[in-house]
1. Just to be sure, is Phe168 of a type in the set (A, V, I, L, M, F, W, C), in a helix (DSSP H, G or I) and touching a residue at least 60 places away in the same chain (Cβ under 8 Å)?
2. Only one of Leu150, Leu144, Leu140 is closer than 24 Å to Leu13 by Cα, surrounded by 20 or more Cβ atoms within 10 Å (Cβ to Cβ) and of a type outside the set (Phe, Trp, Tyr); which?
3. For segment 92-159, please list each of the helices (runs of 4 or more DSSP H) lying entirely inside it that holds at least 1 residues being under 10 Å from the mean Cα position of the chain (by Cα) and free of Cβ contacts under 8 Å to residues at least 60 places away in the same chain.
4. With the requirement that a residue be aromatic (Phe, Trp, Tyr) and more than 20 Å from Thr35 (Cβ to Cβ), what does segment 106-152 give you?
5. Which condition number in (1) more than 18 Å from Leu140 (Cα to Cα); (2) exposed (fewer than 12 other Cβ atoms within 10 Å of the Cβ); (3) at pLDDT 75 or above is the one that Leu9 fails?
Amino acid sequence: MFEQIILILVLALNFIFIWLSFFYKKTGTYSSWGTFIWLAILVYLPLSEQPRFGLWWLKLLGFVIMLFGLIIFLKARGEFRKKKLRSRRVTKKLIVSGLYSKMRHPQYFGLMIFYAGLCLLFGALYAIYLIPAVIVLHVLQAWLEEKYILEKMFKQDYKKYKKKVGMFW
């Protein structure tokens, strides 16, 4: 459990560095590496040494949940590719079609679902305990992104969008 707590702290510290790089206008390099570190830790946590449960139906459920989260994430990323955009941080267009018409942050939602499914698939007991921390970090990430990037970039259009569409449901 100690290893998992350290990894969550590294995840939180990495989150802080990503946002500091944004505030100091040096988002390019660290933001990319920070995102890679973020995802690598999330995948490693359920695979690390810890007590495991071996119920086959929970593992099957985990696989289905993980697949569902991956599909949501990839469909949301597809909205950017459809409009030939890299990410919401560098675009001048507000995407409100597809999954973005149902929730404002389908990519984060997909990652949270993916992580929960991955924990169940590998029967990772400690990693399951840490799901709330991962969710809190993703919700905080979405909130900060809205407050400091999206509301400033899209002004009234984003405020109208926020009133019509929920953050995650």
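The values are calculated or read from the model by the stated rules, or taken from the named source; none is laboratory data. These numbers were taken from a predicted model, which means no experiment stands behind them. Methodologically, a virtual Cβ is constructed for each residue, glycine included, from the backbone with ideal geometry; neighbour enumeration extends over all protein chains shown.
1. Taking the combined requirement at face value, the residue does not satisfy it.
2. Answer to the check: Leu150.
3. Filter on segment 92-159 gives 106-121, 131-145.
4. Scanning segment 106-152 gives Phe122, Tyr126, Tyr129.
5. Of the numbered conditions (1) more than 18 Å from Leu140 (Cα to Cα); (2) exposed (fewer than 12 other Cβ atoms within 10 Å of the Cβ); (3) at pLDDT 75 or above, the odd one out for Leu9 is (1).
Yes or no, residue by residue, for (1) in a helix (DSSP H, G or I); (2) of a type in the set (D, E, K, R); (3) at pLDDT 85 or above:
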| site | (1), (2), (3) |
| --- | --- |
| Ile16 | yes, no, no |
| Ser21 | yes, no, no |
| Lys26 | no, yes, no |
| Leu39 | yes, no, no |
| Tyr44 | yes, no, no |
| Val64 | yes, no, yes |
| Leu67 | yes, no, yes |
| Arg86 | no, yes, no |
